[in-house]
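Enquirer: Here it is, the structure, as C-alpha cells.
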Amino acid sequence: MTDLTSLTLAEARKGLAAKNFTSLELTDAHLSAIEKARVLNAFVMETPDQARAMAREADSKIAKSDAGPLAGIPLGIKDLFATKGVRTTACSKILGNFVPTYESTVTSQLWRDGAVMLGKLNNDEFAMGSANETSCFGPVGNPWRREGSNTTLVPGGSSGGSASAVAALLCMGATATDTGGSIRQPAAFTATVGIKPTYGRCSRWGIVAFASSLDQAGPIARSVRDAAMLLRSMAGHDPKDTTSVDIPVPDYEAAIGKSVKGMKIGIPREYRLDGMPAEIEKLWEAGAKWLKAAGAELVEVSLPHTKYALPAYYIVAPAEASSNLARYDGVRYGLREQGKNIIELYENTRAEGFGAEVRRRVMIGTYVLSAGYYDAYYLRAQKVRTLIKKDFEDCFAKGVDAILTPATPSAAFGIGEKGGADPVEMYLNDIFTVTVNMAGLPGIAVPAGKDAQGLPLGLQLIGRPFDEETLFSLGEVIEQAAGRFTPARWW
Amino acid sequence: MSVDAATVRRIAHLARIAVSEDEVPHLQGELNAMLAFVEQLSEVNVEGVEPMTSVTPMQMKKRQDVVDDGEIADDIVANAPATEGHFFLVPKVVE
C-alpha cells in the first residue's frame, strides 16, 4: 500500500469510499507522521485519542453509507479556533490553559461533515505576524530548505503551523485565518494552496478575534480541489455572526476543471514594485502565459491606491485589535498577575501575558483611537480603505473577472532574519495580500514555481465578491501547468 | 507625527499594559517607526470620501428580542483564574 499520508484529500476520499483503507488507518498514518515531525513545531497540541475516536465513528458511518463529504479525513486546526474541551490559546501566554466550553462554527461544520481532528496548530500570537515567530510556543519550521543548506526557514504566518503541517504531509488539510495575508503568504512559502474567501463567507463565531472587519477563515490544502472541498464545509451562514452572509454556498468542487475561456484577467501595474526579484517577475509572466494558453484574455489594469493599503492596514488592524484584546484582563479567563489594585492587576497581567508584537500593536491601536488623534489616523485610514475598495470595483466594472498578482515579494526567509530592527520590514511581506482584506475580496494563493535556491513561490488570484468559484477554476489551470511540489524530507 | 517618552507612558497606561522605565526608549522607537510608515497616508486626497463602515454592503441583521441563551453560569466561570461560586474574584474596587 502506498504511504497514506501522500494522498490528496480527494484521493483519500475515493480510497475510503472504495474501502481500500479505513479512516483509522489514514488517521494513524498521520498521527505517526506528526510524532516524527515534532522538530517542525507545527502542532501545539496533539489529540490522538480524540482523533482515533472520530476516525472510528467515521468508519462506522462509511460502512453504513451514511458518510458526510469529509468523512474520515484527518485535519489540523489552527489554535485560533475554539475547540470544545480542547485547549485553545491563540498561541498567547495570556490565554494560559483556556479550555473552551463551546466549538467554533467553522470547526463544528467540519465535524458535522465527518472530518477528524488531529490536533491544534501553531500560529503567530493572536495571528499577529508574518513568520510564525511571535507564538508563545516558539517558531515553526518550514519543511522547505534552500538547496544544499541546513538553515531552518520560516513557514510564513500567521497560519505557519497550518502551512507547515500540510506541506510536510502531517494532515490532509488545515483550517487557517487571514487578516492581512495569513493564509496566502504561508501557503506561498510552503507550496500549498490557501484561499481567503470573501468577507462574510465563513462565520467568525468562536474564532479568537484579531481585527474583526478583516478576519476571515479559510483552508490551507495540498491541491486546489482539496481547498474547494474544505471551503464548502467551512463556509455558510451563521446567525451567531452578524457579518456572516446569508447566501447559498455553491459546490466549489464543480468549478474545478471548468473552462476559463474568454475570462478577462487583470494584471495590475501597481504591483510591479521597484526592486522586485526577477524570479517573482518571471513567475508572474509564466502565470499570465498559462492562463492565456487556457483561453483567458489578459488586460493591464490600474489599482492606483495599492501603495496605501499596507499603511492604512497598520492603522485599522491595530485599532480593532486594541479594542478586541481589551477582554484579556486577568479576570474572566487565562493568566492573572497580581497587583495592588485592579488597575495594576490589569496592567501586570497584560504586560506578562502579551508578547512584544502584540503589545506594540495594542499600543499603536490605542494611540490612533485616542482623543485628538482619531480623525488624523483612524478616520483617514477608513477613508483610504473606501478608495482601495473602489479601485477594485472600477476594475471589475470594466468586465475583469479576476486579477493575477504574485503572492509574496520573496520566498521564505530564515528564522530571525527579518523585522529585528524595524517592525515595518516584516510587515512588507503582506504587500500583495493586504489589499484583498481591505476590500473584503476573495484571494487564493497557488504554488507556481521555485526560485533559484529551490524554494517555492506562489501566485495570487483576486476575485469579485463571493465569486470564489472563478478563483478555483483559474487556480486549477495554474496548478495543472505548474504541477504540485513536495519538499524533500529532512525531519 | 511622532511620540515622546511621556506619550509612550500615557498610551501604555491607556492600553493597561505595565511598561518599565527602561522599556520606554525601545517602544518609543518602534512606535515612531510605525507612525513614520503610516505618515504617507497624509498625501492621499480624501476630500468628500466616506469612511468605510462595512466592507460588504449588507443590512445589519437583528435578532429576535427573545432569550435564546443562558443558564450556563458554570461554563462562564469555568476558565476564570479566581472565582467564588458563580462570581469572578477581583481586588477590592470600592472602599
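Read the figures in this text as sums done on the coordinates, not as results from a lab. Because the structure is predicted, anything quoted here is derived from the model rather than measured. Don't worry about glycine lacking a Cβ; one is built from the backbone with ideal geometry, like all the others, and counts go over all protein chains shown.
Enquirer: When you have a sec, figure out the Kirkwood radius of the stretch A:259-341 from all distinct Cα pair distances and drop it here in Å to one decimal? Mind showing how you got there, number by number?
Expert: Numbers: mean 1/r = 0.0578 Å⁻¹.
That comes to 17.3 Å for the stretch A:259-341.
Enquirer: Can you bin the stretch A:2-262 into rounded, prolate or oblate? Criterion: square roots of the alpha carbon gyration tensor eigenvalues sorted a ≥ b ≥ c, rounded for a/c under 1.5, prolate for a/b above b/c, oblate for the rest.
Expert: Working: a/c = 1.24, a/b = 1.10, b/c = 1.13.
It comes out rounded by the Cα gyration axes.
Enquirer: First check a/c for the stretch A:114-193, with a ≥ b ≥ c the square roots of the eigenvalues of its C-alpha gyration tensor; if it is under 1.5, answer rounded, and if not, answer prolate when a/b is larger than b/c or oblate otherwise. Working shown, then result.
Expert: On the way: a/c = 1.55, a/b = 1.17, b/c = 1.32.
Note, shape of the stretch A:114-193 comes out oblate.
Enquirer: Points 7 angstrom from Cα along the Cβ direction at B:THR56 and A:ARG332: gap in nanometres?
Expert: About 2.5 nm separates the two model spin labels.
Enquirer: Here is a follow-up. Using a 7 Å offset from the Cα along the Cα-to-Cβ direction at both A:LEU273 and A:ALA481, what is the distance between the two label points in nm, to one decimal?
Expert: Taking the simple label geometry, A:LEU273 and A:ALA481 are separated by 2.3 nm.
Enquirer: Considering amide H positions built from the backbone, and no H for Pro or chain starts, which residues 5 or more places from A:GLY119, or on another chain, come under 5 Å of its amide H?
Expert: A:THR47, A:ILE77
Enquirer: Here's something else I'd like to know. Calculate the length of the line joining the C-alpha centroid of the stretch A:80-142 to that of the stretch A:179-225, in whole Å.
Expert: The stretch A:80-142 and the stretch A:179-225 have Cα centres spaced 14 Å from each other.
Enquirer: Mind jotting down the three principal axis lengths of chain A based on Cα atoms? Whole angstrom, largest first.
Expert: For chain A, the Cα extents along the three principal axes come out at 64, 53, 50 Å.
Enquirer: Right, something else. Could you state the principal axis extents of the C-alpha atoms in chain B, from the largest down, to the nearest angstrom?
Expert: Principal extents (largest minus smallest coordinate, Cα): 53, 46, 25 Å.
Enquirer: Are there any trypsin sites (Lys or Arg not before Pro) in the stretch A:1-76 that are in a DSSP loop and have at most 11 other Cβ atoms within 10 Å? List them by number.
Expert: Taking the stretch A:1-76 and a limit of 11 other Cβ atoms within 10 Å, the loop trypsin sites (Lys or Arg not before Pro) found are A:LYS19, A:LYS64.
Enquirer: Along the charge dipole of the protein assembly as shown, Cβ charges K/R +1 and D/E -1, which of B:ASN79, A:ALA407, A:ALA51 sits furthest on the positive end?
Expert: Working it through, the farthest residue towards the positive pole turns out to be A:ALA51.
Enquirer: Which value, in Å³ per residue, describes the convex hull spanned by the Cα atoms of the stretch A:395-491?
Expert: Working: hull volume 13.0 nm³, N = 97.
Value for the stretch A:395-491: 134 Å³ per residue.
Enquirer: Among A:TYR252, B:SER42, A:THR83, flag the residue with its Cα farthest along the positive direction of the charge dipole of the protein assembly as shown, charges on Cβ as +1 for Lys/Arg and -1 for Asp/Glu.
Expert: So the residue we want is A:TYR252.
Enquirer: Relative to 2.2 N^0.38 Å, what does the C-alpha radius of gyration of the stretch A:222-275 come to as a ratio? Two decimals please. Present the calculation step by step, with values, prior to reporting the outcome.
Expert: On the way: Rg = 16.4 Å, N = 54, 2.2 N^0.38 = 10.0 Å.
Relative to the rule-of-thumb radius for its length, the stretch A:222-275 sits at 1.64.
Enquirer: Using the Karplus curve 6.51 cos²θ - 1.76 cosθ + 1.60 with θ = phi - 60°, what ³J(HN,Hα) values do you get for each residue of the stretch B:54-61, in whole Hz, with x for Gly and Pro?
Expert: Coupling constants for the stretch B:54-61: 8, 6, 10, x, 7, 6, 4, 6 Hz.
Enquirer: Ok, one more. Out of the DSSP beta bridges found with both residues in chain A, what percent are antiparallel (nearest 5)? Could the numbers behind the result be given before it?
Expert: On the way: 29 of 42 bridges.
Antiparallel: roughly 70 percent of the beta bridges in chain A.
Enquirer: Also, quick follow-up: Can you tell me the convex hull volume per residue for the stretch B:44-87, based on C-alpha atoms, in Å³ to the nearest whole number? Mind showing how you got there, number by number?
Expert: Details: hull volume 9.6 nm³, N = 44.
Expressed per residue, the convex hull around the Cα atoms of the stretch B:44-87 is 218 Å³.
Enquirer: For the stretch A:205-353, I need the span (max minus min coordinate) of the C-alpha atoms along each principal axis, in Å, sorted largest to smallest.
Expert: So the extents along the principal axes, rounded to whole Å, are 69, 41, 26.
Enquirer: Measure out, as a whole number of angstrom, how far apart the alpha-carbon centroids of the stretch A:227-262 and the stretch B:3-43 sit.
Expert: Centre-to-centre distance over Cα atoms comes out at 42 Å.
Enquirer: Not counting the cut sites, what is the longest span of chain A without GluC sites (Glu not before Pro) that DSSP labels loop and that have at most 16 other Cβ atoms within 10 Å? Walk me through the numbers on the way to the answer.
Expert: Details: sites that count: A:GLU147, A:GLU417.
Result, exposed sites excluded: A:148-416.
Enquirer: Still on this structure, I have one more. With only alpha-carbon pairs counted, each pair once and no self-pairs, how large is the Kirkwood hydrodynamic radius of the stretch A:29-113 in angstroms?
Expert: Values: mean 1/r = 0.0706 Å⁻¹.
Hydrodynamic radius (Kirkwood, Cα pairs) of the stretch A:29-113 is 14.2 Å.
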